[in-house]
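Okay, structure first, notes after.
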Amino acid sequence: MKRTLTLLLTLLMILSLGNARAQDATYTTLYSGEVTTLNYLTTATTNEFAVAANVIDTLVEYDRLGQVQPSLAEDWKVSEDGLTWTFYLRKDAQWVNGAGEPYAEVKADDFVAAAQYILDAANASSTADILYSVVDGAEAYYQGTATPEEGEEPAPEMPWETVGIKALDDYTLEYQLNSPIPYFLSMTTYVCFMPVNRQFLEEKGAGFGLATGNDTILYNGAYVLSEFKPQEKRVYTKNAVNWDADNVLIETIEQLYNKEATTLSPELYQRGEIDEASIDSAIANEWLSNPETADLIRPVRQSGFYTYFYALNFRPEFDASYEPENWKIAVNNENFRLSIAAGLDRLKAMLVIEPDNPEAIIFNTITPPNFVNVNGLDYVNIGELARITEQGLNTFNAQKALEHRDLAKEELVAAGAALPIKVLMSYNPAVTSWAEECQVVEQQLEELLGSDYIDIIVEAGPSSGFLSAVRRAGQYALLKCNWGPDYADPETYTDPFSLGGTYNFIEFAEGYTDADGNKTYNNLVDAAKAITGDLMARYEAFAKAEAFLIDHAFVIPFGYGSGGYVASRLNPFESQYAPFGLSNERYKGQSLLEEPMNTDRYFDAYDQWLADRDALAQGN
């Protein structure tokens with residue numbers, strides 16, 4: 001049965017579709033945030049690279065137990081010095097168009113063409129820095145394509161031959177690195193290492209990847225975006241000529257746009273109209289207490305891919321009514337920031353997301369636990385992060401918060417600030433429970449610190465294009481942000497706060513500068529990056545940089561951003577598994593369950609997954 005849900009459909013119209021969905025093999029969901037581009041070579045936004053994850057294959061991929069597997073590359077080798085990686089491509093990979101019709105073979109030059117595009121500064125790729133941070137000659141090439149700042153001399157233009165990415169023949173691809181990168185293989189699962197067909201890219205020109213329809217990109221992955229009507233629907237159809245089509249088990253994925261998706265999804269799921277819905281705490285409690293609905297939902301799988309933290313904005317661009325100049329004075333006062341960090345009761349805030357066991361999804365660091373380890377020691381227990389991890393799950397300390405508040409009051413008044421400090425806290429209305437969480441934070445902090453000290457103003461941003469309109473534009477004072485790793489190294493968690501980053505613009509923070517004129521944080525990160533031969537020393541150096549951000553309350557770690565329950569006909573333990581890259585966004589390998597997974601079956605499947613992982617680790 002074909003159904004179309006648009007912005008103008010009302011709940012009554014949707015529900016009139018009845019239960020015909022029950023026998024439909026298509027996996028159907030709603031979404032409320034539309035993508036702004038299909039150009040996977042420029043985006044770093046989860047909502048957008050989730051599309052690419054399902055339609056573009058990478059050199060390697062990860063299976064459900066987290067083991068690397070061949071994908072577009074059948075085999076690979078690394079030189080003894082760790083500088084040269086050679087990938088041998090399979091000869092049965094095809095590019096197809098939106099109708100699934102073959103266009104060309106996937107060849108080594110496709111990876112070179114993608115890299116050339118990304119490393120052209122005019123294309124403004126959000127992931128260019130990841131590529132040029134590791135590939136020999138790539139940064140010099142990129143700088144040679146960039147327009148210099150006013151008053152600066154342009155960097156010399158470099159020939160492409162100086163960049164360490166080469167097609168040795170049609171099926172042999174070589175990367176020359178600028179230093180040994182032990183985690184390089186994991187990096188190749190990210191968007192900046194995806195291929196593009198050179199001929200198609202040149203034919204499309206500026207039209208490549210436009211979010212206008214399904215004909216602006218080619219496909220070589222598990223699925224083809226067979227239909228794309230912005231703010232109406234996205235339909236993924238199994239790519240019949242994909243090299244691994246036998247392991248693509250869901251034939252069709254239908255994503256229907258509706259700005260009220262968060263509100264409508266639970267009811268539509270219960271009526272069999274869609275196959276997955278986020279369930280907020282209020283609905284979860286209601287469904288769990290009802291025998292007729294208790295088996296419809298299960299816990300959200302806590303994979304730890306994304307970390308959430310509250311960021312304080314050092315480059316406010318919001319409206320004058322929110323007093324951005326006054327906020328600048330406040331945010332540059334360390335005692336002010338520390339009063340909020342110590343005063344934020346994360347347990348209360350997390351109860352909105354996870355009412356049953358909030359402690360399970362809280363942690364004290366930016367990098368989540370169990371991301372990487374050395375000699376069996378978790379990164380968050382290394383160096384200066386160890387003392388932060390050992391503080392306990394709830395860092396809320398009312399006495400310390402009030403002490404910092406009292407010091408901040410004197411310093412702020414002396415600096416010319418007007419009290420109370422207006423704190424604009426924005427949220428995306430399309431995200432389940434975010435508004436309620438903001439209200440809890442507002443009430444809790446104002447009650448503790450006093451409304452004569454801070455005035456938290458909770459305001460909804462747009463449901464579509466929220467990141468561009470709010471975070472990247474500096475339209476907030478305090479904002480809950482998230483970040484997912486791109487590869488298996490702590491360096492990936494430094495990216496949001498690097499020069500030119502759009503998370504809280506800490507490069508604009510006053511002070512915190514070393515004798516060389518550079519920001520202390522940037523120097524700490526650069527020192528850590530330079531350590532490549534000693535993994536423990538490298539991790540200790542990155543831990544020092546991360547601890548610097550937390551100790552000075554540039555950001556306030558929160559924990560995992562999801563908890564509670566979800567209603568779904570997917571088994572989360574069939575999905576690809578890796579705490580980085582795109583694995584978690586892929587549908588490949590998953591199948592539709594006849595009945596939704598309930599809590600008991602969820603934990604049975606989780607226990608089996610853990611047992612399978614243990615057996616693999618023991619070589620059984």
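Computed from label points 7 Å out along Cα-Cβ, the spacing between LEU407 and GLN302 is 3.3 nm. From the Kirkwood radius over Cα pairs of region 54-224, Stokes-Einstein at 20 °C and 1.002 mPa s returns a whole-number translational diffusion coefficient of 127 µm²/s. Hydrodynamic estimate: the Kirkwood radius of region 517-620 over Cα pairs, inserted into Stokes-Einstein at 25 °C and 0.890 mPa s, corresponds to D of 137 µm²/s. Sparsely packed loop sites in region 141-189 (the GluC sites (Glu not before Pro) outside DSSP H, G, I, E and B with at most 15 other Cβ atoms within 10 Å) comprise GLU149, GLU150, GLU152, GLU157.
Count Lys and Arg as plus one, Asp and Glu as minus one, and take only other residues whose Cβ is under 13 Å from that of ALA547; the net charge is then -3.
For region 380-408, the residues whose amide N sits under 16 Å from a probe point set 7 Å from the Cα of ASP452 along the beta carbon direction are 402-403, 405-408. Give the distance, in whole Å, between the Cα centre of region 277-296 and the Cα centre of region 327-343. Centre-to-centre distance over Cα atoms comes out at 40 Å. Going by neighbour counts of Cβ atoms within 10 Å, the residues ASP275, ASP169 line up, fewest first, as ASP169, ASP275. Scaled to the globular estimate 2.2 N^0.38 Å, the Cα spread of the chain, given as radius of gyration, is 0.97.
Run the quick spin-label model on GLU80 and ASP534: label points 7 Å from Cα toward the beta carbon, then report their separation in nm to one decimal. It works out to 2.4 nm between the two label points. Under the criterion of Cα pairs below 8 Å and six or more residues apart, the relative contact order for the chain equals 19 percent. On the beta carbon distance between ASP614 and ASP170, with R0 = 45 Å, the FRET formula returns roughly 0.60. Post the alpha-carbon centroid distance, region 34-107 to region 399-478, in whole angstrom. About 41 Å separates the Cα centre of region 34-107 from the one of region 399-478.
Annotation: the residues ARG271, ARG337, sorted from fewest to most other C-beta atoms within 10 Å of their own C-beta, follow the order ARG271, ARG337.
Computed over region 34-78, the percent of Cα pairs more than 17 Å apart is 46.
Taking every lysine pair in region 139-293 that is 8 or more places apart or spans two chains, those with Cα atoms closer than 20 Å amount to 4.
Label separation (THR212 vs ALA460): 3.2 nm, computed from points 7 Å beyond Cα along the C-beta direction.
Counting beta carbons within 10 Å around each of ASP455, ASP495 and listing the fewest first gives the order ASP455, ASP495. Helical runs (DSSP H, four residues minimum) scored at -39500 (n - 2.57) apiece and divided by the length of the chain put the mean residue ellipticity at 222 nm at -8500 deg cm²/dmol. Calculated on C-alpha atoms, the gyration radius of region 312-426 divided by its Kirkwood radius gives an Rg/Rh of 1.05. Within the straight-line cut-off of under 27 Å between alpha carbons, the lysines reachable from LYS400 are LYS328, LYS348, LYS409, LYS422, LYS480, LYS544, sequence neighbours fewer than 8 places apart in one chain being disregarded.
A short reminder: the numbers here are calculations on the coordinates, not readings from a lab. This one's a predicted model, so the numbers in the text were calculated from it and none came from an experiment. Ideal geometry is used to build each Cβ from the backbone, glycine not excepted, and the neighbour counts take in all protein chains shown.
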